[in-house]
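Taking it in order: structure first as structure tokens, then the write-up.
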Amino acid sequence: MSHFLTPVFAPGFFASEAVHIALGVGTLVAIVTGAVGVFTVMRGQAFAGEAFGDIGTTGGSGAFLVGVGPLWGFVIGNLLAAGAMETIGIQRTRGRDLATGIVLGASIGLAALFLYLYTASHSTTGETVTILFGSAFAIASSTFPLIALLSLLALAITITLYRPLLLATVSPEMAAARGIPVRMIGILYLIALALAAALAAITIGSILGTALLVGPAASALRLTKRPLVAMLTAAGIGIGAMWLGIVLAYDSYEWPPSGHGWPISFFVVTLVFILYLASGLPERRHRRRGDSPEQARPALDIVHESQ
Amino acid sequence: MSPNILTVQGVDVRLAGRKILDRVSFNIAPGEFTGLIGSNGAGKTTLFRVILGLQPASAGEVLFGGSTRASPSKLIGFVPQKFLLDPDLPMRARDLVGLGLDAQRLGIPRPSRARRALVEEMLEAVDATRFADTRVGRLSGGEQQRILIAHALIARPRLLLLDEPLANLDLRSAHEVVALLARIAREQQIAVLISAHEINPLLGVMDRIVYLASGRAVSGSADEVVRADVLSKLYGHHVDVLNVHGRVLIVAGAGEDTDLAGHEVAFPDTEIVS
């Protein structure tokens, strides 16, 4: 049996502890980013998700500099950023992009300084690469409980708020008229998004984290017309991309230049991208056949006119 | 108990020093169909926000069934203005109707036969069964209005507020939506308050008009309100009310306003009959 599977799973794949951790973390994080990401895409907050990724870079590099785990840096950095975005008005349509952009610029500048100071004092660039592009194989097993806790927290917020958040996403005015505290719901969701972005960052790197947050969710939105099914589909796509990415990255130790595995994040992000392109196919087929009543509008227009 | 489901009493609203609403008063009885008529900027949306409890009034009060303490969110179904849903929203029309039932509750709704039956009943009530499984953002403007009305109705409100629901609709869809709302008001004894900048689509069905101009209001039956003397007083200068083939035209009178220099000039809420 194991001989038969050798072309797929390189020797030692199932025995490696790093693989176990990568699979466990990858699965958890794919579920969280899928559930949270569907709302990110629906609310038109993909840019805020990207911003968390970049701000996470600052937090992560700062964490290395003071000698604590990068996940703490990602989480604390993102939560502070969420506070800043809320203060300068991320929930207002016009303020959103501008405010996020301003926080982002300041934050990346700080990250540049932290990474410079760290490299200057340790004369190694390995940590810089880990922060920016991640490595699911490099996650310490001691970090796993924290990852599980944060995953549960982000998931619990999203599922608890599901109904009011959904209506506030569809129409803040309709939600407010029903007595839903729209602003409070928005802030709590932003916290869930900050946590999900930190989890994505520890798994596939702070720069690439958004891909996991937004990619599977955007694909799911094309494939299903029910919100809960979209969340499950996005989680499924994320898990698929993570697992296949881990298998390929493990195999790539034997690819040229041999002795160095290719970055796992490269595989995951590329798979997410390919799945996003593929998810557009069913709709295009419908459109060509002209049998869909849904054909008149553009395929991807995530801007909410009424926010 | 007061016979009125809604009483608006001397409501003033000032925003940044500007008077948006000026001593607005009117009543609405259960099952009554009321048109809130006024041009853009007359204060219609602000008045709705006051009724919904989202905008505090500087003076005056809003009473529901004679009480100031009743919670508007439980009594009112609301359809907001200029509403076009995102076409990629992963949500069927029936999902949005179902959300009307319990959107303020936490957690994920448990599917049940009773819930499904209620949603089905509401979809039938607004004649939307045909497109119940389509993505709600990809329906036409008139179809979306029906779904939003069903969303508002499923929670069994006593009063339905609709902010300019006819604004983006073609004439036929507008007529259908008005007929649907009139039927709901009559059959289910739900009071309807609908804002519009054009009076004509609503003329046949209104029990009452609240006519709003620069923050001030007059209310009464169509015959009491749509008259040259009443509207001239409200606008603060002379207007004529003309009847043309059963349609009403409200036009500025000649010679009264020096800026108009004797030209016949239509107000923004005037119908041009073609």
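The values are calculated or read from the model by the stated rules, or taken from the named source; none is laboratory data. Keep in mind it's a predicted model, so treat the numbers as computed, not measured. Cβ coordinates were reconstructed from backbone atoms using ideal geometry, including for glycine residues, and neighbour counts include every protein chain displayed.
Is segment B:1-12 home to any residue that is more than 14 Å from chain A (Cβ to nearest Cβ), of a type in the set (D, E, K, R) and either crowded, with 23+ Cβ neighbours inside 10 Å or farther than 27 Å from residue A:164 by Cβ (or both)? Yes, that holds for at least one residue.
Listed by first and then second residue, the pairs with beta-carbon distance under 6 Å, at least 6 apart or on different chains, first residue in segment B:207-235 and surrounded by 18 or more Cβ atoms within 10 Å (Cβ to Cβ), second acidic (Asp, Glu) and assigned to a strand (DSSP E or B), are B:215/B:22; B:216/B:22. As a summary of the residue check, residue B:3 satisfies the conditions (1) closer than 12 Å to residue B:191 by Cβ; (2) touching a residue at least 60 places away in the same chain (Cβ under 8 Å) except for the one numbered (2). So how many residues does segment B:48-82 have that are more than 14 Å from chain A (Cβ to nearest Cβ), crowded, with 17+ Cβ neighbours inside 10 Å and outside any strand (DSSP E or B)? Count: 1. Considering segment B:106-130, and only residues there that are surrounded by fewer than 12 Cβ atoms within 10 Å (Cβ to Cβ) and among the basic types (Lys, Arg), the residue that is farthest from the other protein chains (Cβ to nearest Cβ) turns out to be B:113. When each of A:238, A:261, A:215 is tested for being touching a residue at least 60 places away in the same chain (Cβ under 8 Å), of a type outside the set (Asp, Glu) and outside any helix (DSSP H, G or I), the lone residue that passes is A:261.
For segment A:172-188, the set of residues classified as facing chain B (nearest Cβ under 9 Å), part of a helix (DSSP H, G or I) and free of Cβ contacts under 8 Å to residues at least 12 places away in the same chain consists of A:174, A:175, A:176, A:177, listed by residue number. Of all residues in segment B:89-119, those being part of a helix (DSSP H, G or I) and either in contact (Cβ under 8 Å) with a residue 12 or more places away in the chain or within 20 Å of residue A:159 (Cα to Cα) (or both) number 13. All of (1) over 19 Å from residue A:165 (Cα atoms); (2) in a helix (DSSP H, G or I) hold for residue A:34 with one exception: (1).
From the list B:179, B:152, the one residue that fits, being at negative phi and within 14 Å of chain A (Cβ to nearest Cβ), is B:152.
Table: residues versus (1) at pLDDT below 75; (2) loosely packed, with under 13 Cβ neighbours inside 10 Å.
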residue: A:97; (1), (2): yes, no
residue: A:101; (1), (2): no, yes
residue: A:109; (1), (2): no, yes
residue: A:113; (1), (2): no, no
residue: A:133; (1), (2): no, no
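Looking for whichever is farther than 19 Å from residue B:107 by Cβ and either within 14 Å of chain B (Cβ to nearest Cβ) or surrounded by 18 or more Cβ atoms within 10 Å (Cβ to Cβ) (or both) here; the options are A:169, A:224, A:143. Which one fits? Only one candidate passes the filter, namely A:224.
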